[in-house]
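The structure appears right after this line, and notes come after that.
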Amino acid sequence: MTAPATDHLNDTDAADISAPAPPADSDLGFGRVVAQQTRGRFLSKDGRATARKFGLGGQRTEHLYLRALNVPWGTFLLWTVGAVLLMNGIFALGYGSLGSGAIAGAGTLGLDDPFMRAFVYSVGAFTTTGTDGLHAMGSAAHLLTIMQSLIGPLTGMIIAGLVIARLTRPRARLRFSESAVIAPYEGGRGLMFRFVNELPSELTDVTVSVNLFWYEDIDGKRERNFHVLTLEREHVAFFPLHWTVVHPITADSPMRGVTPERLCSGDTEILVLITAHEETFSTHVSVRASYRWDEVSWDAKFANIFTTAGDDALAIDVDRLSRFDRLPEGTTRIPAPAEGAPISA
């Protein structure tokens, strides 16, 4: 939090001032050491943390499981079918390596190609749907069949478990505007971004918190600190359409007097956390997002997103979420007089 503005700060010709030290609890729990040592983005554009933890091993299985839960359904099904076909192809090569007589009973099936014959038998054994008269010959072929009869059902249970986990996992899928905007707001300026719920499920009790993460000069020392940004509105009970989140840039704001050059020199990142009650599963969900300094637009305002529906219901066009209207140059690049002197980088 910043110190209250004083009378001499209202003079736009005043020099940049050093920022007061932020409160100890403004670092989102990361601690001052982490804040000072972090370089680059703290969160990726889609809200994933960029931090890494070493000493825990590769955790490849855990990461694969999380990816299987988060990828789109089309990708998940493609991975699943591809993995099953790959495993059956490997088993078919194993049967083929035992010779053409390893799989018998193809006389009436028209399967003259040895690999295709082994692949059809492999799929039948793997899925336990039957091999249509094909059968293994020899101890090695029977051993492969035993292995496949165990691996197949286990694989099926794993896939079924992933499908159930995907179907029953509470989630919120929010679409954010591609950039934040410094736009005119109540005679001054405001930092704005907007978002919409992409899923047909309803979200209620939605709460937004926004934090500023940038370098600033504190007692002559350059430090990277967090600041909680006060919002025009932090909570809505119902969220049927979209929400434009606004941080008014006033004399009490840590962004007072901010310019594009100040955001750049401060290596600024704006961190967004949204929590809500998801009604389908009656549980709370959270979504994170991030805007870097070069993802903030100036001298612009968001375009009108509202449209008309056939039954006169209130409606929005989600394709317009990231559209904005250009304003005359200098409209928001130049600080408003009421903001006072900017905080130095």
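The values are calculated or read from the model by the stated rules, or taken from the named source; none is laboratory data. If you're wondering where the values come from, they're calculated on a predicted model, not measured in any experiment. All Cβ positions, even for glycine, are placed from backbone atoms using ideal geometry, and neighbour counts span all protein chains on display.
Here are the numbers:
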item	result
Candidates Leu273, Leu314, Leu263 - the one that is surrounded by fewer than 19 Cβ atoms within 10 Å (Cβ to Cβ) and over 18 Å from the mean Cα position of the chain (by Cα)	Leu314
Total residues in the stretch 151-189, condition under 25 Å from the mean Cα position of the chain (by Cα) and part of a strand (DSSP E or B)	6
Every residue from the stretch 216-238 that is at pLDDT 80 or above, within 22 Å of Leu263 (Cβ to Cβ) and not aliphatic (A, V, I, L, M)	Glu216, Asp217, Lys221, Arg222, Glu223, Arg224, Asn225, Phe226, His227, Thr230, Glu232
Residue selected from the stretch 190-233 under the condition assigned to a loop (DSSP other than H, G, I, E, B) and among the hydrophobic types (A, V, I, L, M, F, W, C), by the criterion farthest from the chain's Cα centre (by Cα)	Leu231
Tabulated pairs, the stretch 287-299, first touching a residue at least 12 places away in the same chain (Cβ under 8 Å) and of a type in the set (Gly, Ala, Ser), second in a strand (DSSP E or B) and surrounded by fewer than 20 Cβ atoms within 10 Å (Cβ to Cβ), C-beta under 6 angstrom, 6+ apart or interchain	none
Qualifying residue in the stretch 119-132 (condition: in a helix (DSSP H, G or I) and either assigned by TED's automatic domain parsing to the domain that holds Ile249 or exposed (fewer than 14 other Cβ atoms within 10 Å of the Cβ) (or both))	no
Selection count where residues are among the hydrophobic types (A, V, I, L, M, F, W, C), touching a Pro at 6+ places or on another chain (Cβ under 9 Å) and either modelled with pLDDT of 95 or more or part of a strand (DSSP E or B) (or both), scope the stretch 256-287	1
